[in-house]
Every structure is written in structure tokens, then in C-alpha cells.
1. Under 8 Å for C-alpha pairs, at least 6 residues apart: give me the relative contact order for the range 6-91, rounded to a whole percent.
2. If we count every other residue with Cβ under 14 angstrom of residue 53's Cβ, Lys/Arg +1 and Asp/Glu -1, where does the sum land?
3. Quick query: amide H of residue 57 versus all other amide H atoms, modeled in the peptide plane; which residues come in under 5 Å with a sequence gap of 5 or more or a different chain?
4. Helix 40-50: angle to the longest alpha-carbon principal axis of the chain, degrees 0 to 90, nearest 10?
5. Treating the range 15-92 as a set of equal point scatterers at the Cα positions, no solvent, please give the Debye-formula log₁₀ I(q)/I(0) at q = 0.11, 0.13, 0.17, 0.20 Å⁻¹.
6. From the phi angles alone, apply the Karplus equation (6.51, -1.76, 1.60; θ = phi - 60°) to the range 81-97 and give each ³J(HN,Hα) in whole Hz, x where the residue is Gly or Pro.
7. Could you give the nm distance between label points at residue 17 and residue 34, where each point is 7 Å from its Cα heading toward the beta carbon?
8. How much mean residue ellipticity at 222 nm does the chain get from its helices, if each DSSP H run of length 4 or more adds -39500 (n - 2.57) and you divide by all residues, to the nearest 500 deg cm²/dmol?
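A short reminder: the numbers here are calculations on the coordinates, not readings from a lab. Note that this is a predicted model, so its numbers are computed, not measured. A quick note on method: Cβ atoms are made from the backbone with ideal geometry, for glycine too, and the neighbour counts reach across all protein chains shown.
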Amino acid sequence: MRSNGVFDGAWLVQNFENLNPANTFWQKYYNLFAKIDSEPSRFLEFERWWGGFYLLNREEIEWITQNLLVGNKLWTGGIRSNAGRYLDLREIRAPIILFASMGDNITPPE
């Protein structure tokens, strides 16, 4: 398949969905109807966010892969801003809350 240098985020979402097809095709809908009095707004909000993927060009997806995923340069202080200053996560003064769960295939707590 030729993409002319454009990475369609829909493929990324589909790959994540394929990690747990039981949830994709059954569990999330069962949960929606099992909690019909409280779940619809949360369900719709998440589905809008999850389905709001982006088109990335070759340079963008390559940068993300090499610097954030494989290279982990954000964590090690190896990413430079447009102003030429290295980004250091230790300089963040606002609280950061990270949510992860044992059932999360993408960002497990470990």
C-alpha cells in the first residue's frame, strides 16, 4: 500500500483496537448498555476522542518513533526546543498525574 509519505492515524487506532478484539466488538458496548443511565456521555466523549486521529507526514511519525518511543529522548533530556533549549522534565513545576492500569496494553503501570 502506498501512502505517499502520509501516516494515517486510523491505522494506529486500529492496531490498538486489535490488541483486545473482545473489548472492541463486545465489552465496550455491553458496558454501555449495562450502565445505560450513566455511561452514554462518557462513552460518546471517549469515542469522539479515540476516533479523532490525525494524518502525519513521514518526518513527523519518524520523529515521534525515534525520539519518543525508541530513543526515549524526552525522558533523557535529549530533545531541543525550537529556541535551542533542551527540554528537561525535571523543570516542570506543576503536578503531573499519569493514569495507567493493569489492563492497559499501551501504557502499563510497570
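1. 29 percent
2. -3
3. Result for residue 57 returns 7.
4. The angle comes out near 40 degrees.
5. Normalising to I(0) and taking log10 leaves -0.54, -0.69, -0.85, -0.93.
6. In residue order, the calculated couplings are 6, 4, 7, x, 8, 6, 7, 10, 4, 5, 7, 6, 9, 7, x, 10, 10 Hz.
7. According to this spin-label approximation, the distance is 2.1 nm.
8. Computed ellipticity for the chain at 222 nm equals -9000 deg cm²/dmol.
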